[in-house]
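Contents: one structure, followed by commentary.
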Amino acid sequence: MFVLLLALIPTVLCVILFTKQSKLSREVEDMEKQLRQSQGQGNKTGGSPFPTPTPTPTLTSSPQPTDGTAAGGDGASVPVGGDDVEPTPTPTLTPTPTLEPSPTPTLAVDPETGEVLPWADKQVYLTFDDGPSGNTDDLLDLLKEYGVKVTFFVIGKTDDESLRLYKRIVDEGHSLAMHSYSHKYEEIYNSVEDFEKDFTKISDLLYDTIGYVPDLYRFPGGSSNGKCKKLTIQPFIRFLQERDIRYFDWNVENGDATGVNYTVEQLAENLLDGVSKKKSSVVLCHDTNAKTKTLESMKIVIPTLQEKGAQILPITADTPMVRHVLPADE
Ligand SMILES: [Zn+2]
């Protein structure tokens, strides 16, 4: 009897332990399944079931030269073509150079007090139309000195100096964008065919010079120019949209093309006053031989913007669009 008990007790204990163990492993399996399901749902809605720590904005001192931090234009030059069977290869549109600054926004702070500067949350996109010109080299030197990147909306010029300047603009990391070839309203806006002719000339010229066609355009006179005599601007907007080209107008001007003979200080004041009222400013300035005062005014504008902590940026694919006339379907 005793021997029998000795054999029976461990057996019974074993059976009990086995049932407990299998019950526990089933529970573990169930819990794993639930966890997987909740993770799956989390992914679908773009989140994770676990709270992720929010990245803290990095605070840096100001003024903060951005020289060298931008990706530069070299990555953008993607010449297309080669052994094309077609007799005339059409230039392929390539996206705007990736010039974005670091993805983490940095708020400029006062190096002495440590306080965030008053314009730290402002983005300023300086744009220069109608170049290249005899002032472009000086402007580029100045921009390099301050370590800022801007956007040039250029027109068509074929002399050696201009061809060199298109390349210099791109090489130094600025955004190069189209502003028509001729800039002659009556030629460009006469019909969609005429617009296309002009567009093809500027896009071919830039493709041959810098190796790609920019995907940014500014209508001569802006989209609200009122120069499209027979047509509205809509057919021309559609033309660009069909080619995935974005057009940009402006929401701040320095007034250098208004006909008023502003002084250097007034041009700077007009610009800074406009920027003070906006979170994101696309600023219209001009780069022509006559606009030496605009060039000079940048020696006030850029350091002031930097002292106040504003971010000076080139227009890229991420830049919020500023358009006076929207496409008909928007
Ligand atoms: Zn213009």
Suppose we filter ALA177, ALA120 for residues that are within 16 Å of the ligand (Cβ to nearest atom) and modelled with pLDDT of 95 or more; which single one remains? ALA177
Residue that is surrounded by the most Cβ atoms within 10 Å (Cβ to Cβ), among those in region 248-269 that are out of contact with any strand residue (DSSP E or B) (no Cβ under 7 Å at 6 or more places or on another chain) and within 18 Å of TRP119 (Cα to Cα): ALA268
Surrounded by fewer than 20 Cβ atoms within 10 Å (Cβ to Cβ) and either at pLDDT below 95 or on the phi < 0 side of the Ramachandran plot (or both), is that true of GLY147? no
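This table checks each residue for (1) within 21 Å of LYS299 (Cα to Cα); (2) within 16 Å of the ligand (Cβ to nearest atom); (3) at pLDDT below 95; (4) surrounded by 14 or more Cβ atoms within 10 Å (Cβ to Cβ).
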| position | (1), (2), (3), (4) |
| --- | --- |
| THR113 | no, no, yes, no |
| ASP138 | yes, no, no, yes |
| PHE152 | yes, yes, no, yes |
| ASP160 | no, no, no, no |
Can you spot a residue in region 174-182 that is assigned by TED's automatic domain parsing to the domain that holds ARG238, farther than 20 Å from LEU139 by Cα and open to solvent by 10 Å² or more (accessible area, probe 1.4 Å)? yes
Any pair with Cβ under 9 angstrom, 6 or more apart, that starts in region 220-236 at a residue that is closer than 21 Å to VAL154 by Cα and ends at one that is among the acidic types (Asp, Glu): PRO220/ASP129; PRO220/ASP130; GLY222/ASP249; SER223/ASP249; SER224/ASP249; LYS227/GLU186
Subset of region 183-205, residues touching a strand residue (DSSP E or B) at 6+ places or on another chain (Cβ under 8 Å) and either more than 16 Å from the ligand (Cβ to nearest atom) or open to solvent by 10 Å² or more (accessible area, probe 1.4 Å) (or both), comes to HIS183, PHE199, SER203
For region 189-219, give me each residue that is under 27 Å from ASP318 (Cβ atoms) and among the hydroxyl-bearing types (Ser, Thr, Tyr). SER203, TYR207, THR209, TYR212, TYR217
Of all residues in region 142-172, how many are under 22 Å from ARG246 (Cβ atoms), of a type outside the set (A, V, I, L, M, F, W, C) and not in a loop (DSSP other than H, G, I, E, B)? 2
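The values are calculated or read from the model by the stated rules, or taken from the named source; none is laboratory data. Here the structure is a predicted model, which is why all the values come from computation and not from measurement. Glycine gets a Cβ as well: all are built from the backbone with ideal geometry, and neighbour counts include every protein chain shown. Side chains included, ligands, DNA and RNA excluded: accessible areas come from the protein's heavy atoms. Shrake-Rupley method; radii C 1.70, N 1.55, O 1.52, S 1.80 Å.
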